[in-house]
1. Just to be sure, is Q92 closer than 22 Å to L182 by Cβ and at pLDDT 90 or above?
2. Can you tell me how many residues in the range 65-87 are at pLDDT below 85 and more than 25 Å from L104 (Cβ to Cβ)?
Amino acid sequence: MSPDRPRTRTLLLVTFLIFMLPVAAAWLLNVYAPGWRPFGTVNHGTLVRPVRQLSAAGLHHLDGRPLDADFLSGRWTLVHVARGDCTRSCEQALQRSSQVRQALGDDQNRVQLLLVLARSPGANSPQLPAEVQLAAASDDWLARFSFAGPPPDPGVYLVDPQGYLMMRYSADVDRRGMLSDLQRLLKISKIG
């Protein structure tokens, strides 16, 4: 027996273990700790599960004209939903979204802003940034935004260029987090 044979077997065994230990560790984590993930998510918004398809059907201008049927297609849309009047906090959230859109620079035309009201505004019409589209919606349309039962959860919703409701932000979202998410999505997206 040559003196190199035990050394060759040891080297072969070490090589085998180097490749098999990560597989074994992954299997053990999957079986004994199925919720564990090695890293946190990088997005600042909450992913909507299950993803919901939206269309502009059921949305109309305040004068009653229907909104363009393709409004939610072709561009990313930040949707703000107000059950009644757009209050001061609603106006502030719209202002933050407008600032995020402007911070996108050349990509700002790929993102549009939409304020959806459950009814026509009262005597005090909201002070909206110029780029915000204002629309009223039916209760059936608004029901798609209710994750914990009616009324719709307050916040900002992100709709992708194919019309899928995909992410939710709290009403007091940090602009930097939303901007970071949008920059990442616009960078990898070939549509919108």
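1. Criteria not met by Q92.
2. In the first step, residues of the range 65-87 are kept if they are at pLDDT below 85; the result is 82-87.
Applying the additional criterion that residues be more than 25 Å from L104 (Cβ to Cβ) yields 83-85, 87.
Final tally of qualifying residues: 4.
One line per residue, one yes/no per condition, for (1) at pLDDT 85 or above; (2) within 23 Å of S170 (Cβ to Cβ); (3) surrounded by 16 or more Cβ atoms within 10 Å (Cβ to Cβ):
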{"site": "I18", "(1), (2), (3)": "yes, no, no"}
{"site": "A24", "(1), (2), (3)": "yes, no, no"}
{"site": "G45", "(1), (2), (3)": "yes, yes, yes"}
{"site": "A57", "(1), (2), (3)": "yes, no, no"}
{"site": "H60", "(1), (2), (3)": "yes, no, yes"}
{"site": "G122", "(1), (2), (3)": "no, no, no"}
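The values are calculated or read from the model by the stated rules, or taken from the named source; none is laboratory data. Here the structure is a predicted model, which is why all the values come from computation and not from measurement. Cβ atoms come from the backbone with ideal geometry, glycine included; neighbour counts cover every protein chain shown.
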